[in-house]
1. Rank the residues M98, M157 as a footprinting-exposure proxy: fewest other Cβ atoms within 10 Å of their Cβ go first.
2. Fully extended, how many nm does the chain gain between A181 and I107 (0.36 nm per residue separation, minus their Cα-Cα distance)?
3. Got a sec? How would T54, T118, T14 order by Cβ neighbour count within 10 Å, fewest to most?
4. Which one is right for this structure if Rg and Dmax of the Cα atoms in Å is calculated from it: (1) 15.7, 54; (2) 19.3, 61; (3) 16.0, 48?
5. Cα to Cα, under 14 Å, and not fewer than 8 places away if on the same chain: which aspartates and glutamates meet these conditions relative to K13?
6. What is the distance in Å between the Cα centres of segment 1-50 and segment 165-179?
7. Amide H of F150 versus every other amide H placed in the peptide plane: which residues, excluding those fewer than 5 positions away on the same chain, fall under 5 Å?
8. Can you sort I8, I91, I177 by how many other beta carbons sit within 10 Å, fewest first?
Amino acid sequence: MSTYLLVILEFFKTGLFAIGGGLATIPFLREMAERYPWFSLEDLLDMIAVSESTPGPMGINMATYAGYNAGGILGGVIATLSLITPSIFVIVIIASFMKRFKESVVIQRGFYLLRAATAGLIAGAVFDVVVLSLFNVDVYRASRRLLDFFNWPALLMFALLVFLIRKFPKVHPIAFIGASAVMGVVFKL
């Protein structure tokens, strides 16, 4: 199967089932990182950091980057279009039925269930990001030394940022993002 067809299928599936926005795409992207040579788990963490730090929807930024890695500029365009196409169809379908059924108890309960599913997908994504960022699971499996389990520089940076955010709550988040980027480059994190 060609790379472009795989990109279309994977990102269409992600766009169809990642209900809840960019964070909900992370479990799908993690699966892609494990299945295909398009990007690694470390690249995924970088994509998340850059996507969270730049303007635009996180899921689309990440799809464009992943598609570009898989198939160049055309791969980036295909991945982005494949990700957003299911949303367009779903929104058009829901909008056409919403006028007729917006008072329906079944429809209202369905939306409550979607909220729970979205919260679960986002919680799973947050868990994945925390584990991938702060812990060296693969290194620990190889060495079986507890000290190897922790990504000490990342844990220290995380603790420092939590402290600074609590100590200076009025500082704009962009300052923390910029400082984190500089620290990551300087200390090669």
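1. On the way: M98 12, M157 19.
With the fewest neighbours first, M98, M157 line up as M98, M157.
2. Values: separation 74, 0.36 × 74 = 26.64 nm, distance 4.42 nm.
Stretched out fully, the A181 to I107 stretch lengthens by 22.2 nm.
3. T54, T118, T14
4. (2)
5. Within the straight-line cut-off, K13 pairs with E31.
6. 30
7. N136
8. Working: I8 19, I91 11, I177 15.
Result, fewest neighbours first: I91, I177, I8.
Every number in this text was worked out from the coordinates using simple rules, so none of it is lab data. Quick caveat, the model's predicted, so the values are computed rather than measured. Heads up, the Cβs are rebuilt from the backbone with ideal geometry, glycines too, and the neighbour counts pull from every protein chain shown.
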